[in-house]
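*Asks:* Let me give you the structure first, and then I'll get to my questions.
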Amino acid sequence: MTVTTEGGPAVGGYAAQVVVGVGGRAGVSVAEVCALVEETLRGAGLAPGAVAALATVESKAGEAGITGAAKRFGVPLLSYPADELAAVAVPHPSETAREAAGTPSVAEAAALAGGGELLVPKRRSMAATCAVATVCAHDLRHHGDAEVVDAGASLVDLAVNVRAGTPPAWLAQRIAASLGDLASYPDGRAARAAVAARHGLPVGRVLLTAGAAEAFVLIARALGAVRPVVVHPQFTEPEAALRDAGHRVGRVVLRPEDGFRLDPAAVPEDADLVVIGNPTNPTSVLHPADTLAALARPGRLLVVDEAFMDAVPGEREALAGRTDVPGLVVLRSLTKTWGLAGLRIGYVLAEPEVITKLAAAQPLWPVSTPALVAAEACVAPEALAEAEKAAQQIAVDREHLLAGLAEFDEIRVAGAARGPFVLIQVEGAAEVRVRLRALGFAVRRGDTFPGLDRSWLRLAVRDRATTGRLLQAMDHALTLTRP
């Protein structure tokens, strides 16, 4: 498990750029820092325009030579606490640097703190040092629908996690019937009360949103986090929203060797906003509720994305409805199980003070009348019973998929899958994905999730017949990609 820190949106672009870590003695000049950086970039075949940011230790962030160099390059200057940089593994540690700055290498550690890879190790001039690393280039705005857009019905969609065959007819009829009320402004009181009753909560603890994605934007903009941390690999929209709001985002990156399981001790104590999914997209890992509750701290908001929890039989490990966990914010989506991605409906469960802040950041009438009707319908007892039956069937279908994948020596399944999707690692995954597409199946690439690379793919769980056809296509795709 590793902890890194990402820059804000100015660093962000998602293109292949670099971060230059810089250090310097007291009084180092702008000219010397710039000359060293430019010489180092030239040696690596990089132009100054490739620089996304300069980075240094906090104690050097006030050096006129370093701040002036960032200004001359026209990029932000990122600064990190010495103890945070000291935890970053560097190839050329120095005891002299450790004694002077509290970290074994200011330049290398600052360059690597964003989670990229070192391109150029430490270089020195008389009074300055620098190192160059790639910006972690995960495309946080890539989602599964990109795999099937413009494909029409030509592809079997295993890239999007919306349950197949939805919305059911009864729900579509309820939504259609609401169209006669479109001349009136939306009134969310009945839907809000229904959601509150579904979770046994007071209405003041519920906020309806235009899908969970809106909730992430509200959280990023309205709650005043100083040190937010996102647990990855997971749905990338929370980090994207935080970065868009100007936050520097810390990452706790879970490892496949650990089955992508969370150790609460890996989350920095000073994190005042922690975001984690359960079950987590894309790993399909279901974290124990007690493990997540252990992340709660005074002064910390614990945001748990339970968008797929209603696809887990019995919703075991759910925190929705809990009022004994301080700072708990639970997000739910109704778009996945009920096939309402185009309607946009979800909700937040949190302490009334948090709900008030989030609601104040919403536009007027943020949820449409048809979406409100859908929300009320989907939390009714009959709908919950239908969702539970679907969750049990998903569990059976997932075991069938896992059994089939186990027949391939080339495929490794990540962790213990408990959601309506499975994460697999396979050599040549990018080529396998393309070949599967040619064979009629769209699957989700994994390399846009922080913590994953091009060897990962995510597969939605479907019925046994569809899975059987997928496994045949997978066998063919692997045969064609074997050396």
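*Asks:* Taking the Cβ-Cβ separation of Glu269 and Leu402 as r and a Förster radius of 41 Å, what is the calculated FRET efficiency to the nearest 0.05?
*Replies:* Efficiency for this residue pair is about 0.65.
*Asks:* Here's something else I'd like to know. Report, in degrees rounded to the nearest 10, the 0 to 90 angle that the Cα long axis of helix 30-43 makes with the longest principal axis of the chain.
*Replies:* 70 degrees
*Asks:* Report, in degrees rounded to the nearest 10, the 0 to 90 angle that the Cα long axis of helix 189-199 makes with the longest principal axis of the chain.
*Replies:* Helix 189-199 sits at roughly 80 degrees to that axis.
*Asks:* To the nearest 20 debye, what is the magnitude of the charge dipole of region 224-337 about its Cα centre, counting +1 on the Cβ of each Lys and Arg and -1 on the Cβ of each Asp and Glu? Display every interim value, and only then the final one.
*Replies:* Details: 12 positive and 16 negative charges, 35 e Å.
Dipole about the Cα centre, nearest 20: 160 debye.
*Asks:* Working out 0.36 nm times the residue gap between Ala361 and Arg124, then minus their Cα-Cα distance, what length gain in nm do you get to one decimal? Show your work: numbers first, answer last.
*Replies:* Details: separation 237, 0.36 × 237 = 85.32 nm, distance 4.82 nm.
Difference between extended and current length: 80.5 nm.
*Asks:* Quick one: go through region 439-483 and flag any residue whose amide nitrogen is under 15 Å from the point 7 Å out along the Cα-to-Cβ line of Glu427.
*Replies:* Residues 455-456, 478-483 fall inside that zone.
*Asks:* Additional query: By how many degrees, between 0 and 90 and to the nearest 10, does the Cα long axis of helix 64-73 differ from the longest principal axis of the chain?
*Replies:* Approximately 60 degrees, to the nearest 10.
*Asks:* Using the Cα gyration tensor of region 305-399, with a ≥ b ≥ c the square roots of its eigenvalues, what is the shape: rounded (a/c below 1.5), prolate (a/b larger than b/c) or oblate (neither)?
*Replies:* Oblate is the answer for region 305-399, as a/c is 1.5 or above yet b/c matches or exceeds a/b.
*Asks:* So what is the accessible area of region 121-250 per residue, in Å², with the probe set to 1.4 Å? Before the final figure, lay out the partial values.
*Replies:* Numbers: 5610 Å² over 130 residues.
Roughly 43 Å² per residue, with all protein chains present.
*Asks:* Under the rule of -39500 (n - 2.57) per DSSP H run of 4 or more residues, summed and divided by the residues of the chain, what mean residue ellipticity at 222 nm is obtained, to the nearest 500 deg cm²/dmol? Kindly include the intermediate steps, with their values, before the conclusion.
*Replies:* Numbers: 17 runs with 169 residues, N = 483.
That calculation yields -10000 deg cm²/dmol at 222 nm.
*Asks:* Need one number: nm distance between label points at Glu99 and Ser59, each 7 Å from Cα along Cα→Cβ, rounded to one decimal.
*Replies:* Here the answer is 1.2 nm between the modelled labels.
*Asks:* Is the shape of region 385-483 best called rounded, prolate or oblate, per the rule: a/c under 1.5 gives rounded, else a/b larger than b/c gives prolate, else oblate, with a ≥ b ≥ c the square roots of the Cα gyration tensor eigenvalues?
*Replies:* Note, shape of region 385-483 comes out prolate.
*Asks:* Taking 25 Å as R0, compute the FRET efficiency from the Cβ-Cβ separation of Ala172 and Val434 and round it to 0.05.
*Replies:* Calculated value: 0.10.
*Asks:* Right, another one. As an exercise, find the ratio Rg/Rh for the chain from alpha-carbon atoms, using the Kirkwood inverse-distance average for Rh.
*Replies:* Numbers: Rg = 24.2 Å, Rh = 24.0 Å.
Rg/Rh for the chain comes to 1.01.
*Asks:* With θ taken as phi - 60° and the coefficients 6.51, -1.76 and 1.60, list the Karplus ³J(HN,Hα) couplings across region 56-61 in order, rounded to whole Hz; mark glycine and proline as x.
*Replies:* 7, 7, 4, 5, 9, 5
*Asks:* Now a separate question. With the cut-off at 1.5 for a/c, could you classify region 276-434 from its C-alpha gyration tensor as rounded, prolate or oblate? Kindly include the intermediate steps, with their values, before the conclusion.
*Replies:* Details: a/c = 1.93, a/b = 1.52, b/c = 1.26.
Prolate, since a/c reaches 1.5 and a/b exceeds b/c.
*Asks:* Ok, one more. Ignoring any ligand, DNA or RNA, what whole percent of the accessible area of the chain comes from carbon and sulfur when the probe is 1.4 angstrom? Show your work: numbers first, answer last.
*Replies:* Working: 10580 of 19720 Å².
The value for the chain is 54 percent carbon and sulfur by accessible area.
The values are calculated or read from the model by the stated rules, or taken from the named source; none is laboratory data. It should be emphasised that the depicted structure is a prediction, and the values quoted were computed from it without experimental measurement. Ideal geometry is used to build each Cβ from the backbone, glycine not excepted, and the neighbour counts take in all protein chains shown. When the accessible area is computed, the model is the full protein with side chains, heavy atoms only, and any ligands, DNA or RNA have been set aside. Shrake-Rupley method; radii C 1.70, N 1.55, O 1.52, S 1.80 Å.
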